[in-house]
Amino acid sequence: MLLKWFPIKGKNCQKRMLVLLLTLAMSFSYSACRADNRMPGSASSKLPTERSTQQANSMKINIKVGDKTVTAMLIDNPTTRDFVSLLPLTLTMNDLFGREKFAHLPRAISQEGERTKTYDVGDIIYWSPGPDVAIYYRHDGQAIPEPGIITIGKIDAALGAFNEAFNVPGSINVTVELIE
């Protein structure tokens, strides 16, 4: 028996050890049963449902630059939802470092989205110190400084049409509208 391995002396020690082992066994079995279920109030219960993720993945915007229009898929996060509340927007986007076009937003928006210090060509981001929105059209290999950026969307146009609209010298005037 298992209790032979634990040389505990004294009155009722074996009974106490047995109760302890049974309690541990019940705890482990309860944890295993709950592994696939979300516990109420836990962080995992606040994850987006499949339905809300599908809705967010289908939220798109049009970005018009002159006679060209590119579409972008928005990412579901609090920053993006706050950005959408500003639409439609007409902005003058200035060039920065030959890699991005940026514009000041009329007000600061939520900073609750996930921050990163990397980007991909076609990313639409929020830079909170601005408060600015930016679109990357070229990657220069540089990391983003503190406090990082929050990605709110991704251009889903062909790179040719996207480059024609954004990879131009100087400032551009853009209109951003939600596709409904």
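Extension gain, ILE144-VAL84: 0.36 nm per intervening residue step, less the Cα-Cα distance, totals 19.2 nm. In this view, the solvent-accessible surface of SER128, computed with a 1.4 Å probe and all protein chains in place, comes to about 20 Å². Magnitude of the charge dipole for the stretch 76-178, about its Cα centre and with charges confined to Cβ atoms of Lys, Arg (+1) and Asp, Glu (-1), is about 140 debye. Take the alpha carbon gyration tensor of the stretch 52-147, find the square roots of its eigenvalues, order them as a ≥ b ≥ c, and report rounded if a/c is under 1.5; if not, report prolate when a/b exceeds b/c, else oblate. Rounded, because the longest to shortest axis ratio a/c is under 1.5. Prolate is the label for the stretch 132-177. Its Cα gyration tensor axes, ordered a ≥ b ≥ c, give a/c of at least 1.5 and a/b above b/c.
Can you pull out the trypsin sites (Lys or Arg not before Pro) in the stretch 114-180 that DSSP calls coil and that have at most 15 other Cβ atoms within 10 Å?
Sites meeting the loop and neighbour criteria: LYS117, ARG138.
Maximal additional length on extending the LEU96-ASN173 stretch stands at 26.2 nm, based on 0.36 nm per residue less the C-alpha distance. For the set VAL121, VAL133, solvent exposure ranked by accessible area (probe 1.4 Å, protein chains only) runs largest to smallest as VAL121, VAL133.
All other residues whose Cβ lies under 9 angstrom from that of THR71 are scored, Lys and Arg at +1 and Asp and Glu at -1, for a net of 0.
The values are calculated or read from the model by the stated rules, or taken from the named source; none is laboratory data. Everything quoted here is computed from the prediction, not taken from an experiment. Note that each Cβ is placed from the backbone with ideal geometry, even for glycine, and that neighbours are counted across all protein chains shown. Ligands, DNA and RNA are excluded from the accessible area calculation, which covers all protein heavy atoms including side chains. Shrake-Rupley method; radii C 1.70, N 1.55, O 1.52, S 1.80 Å.
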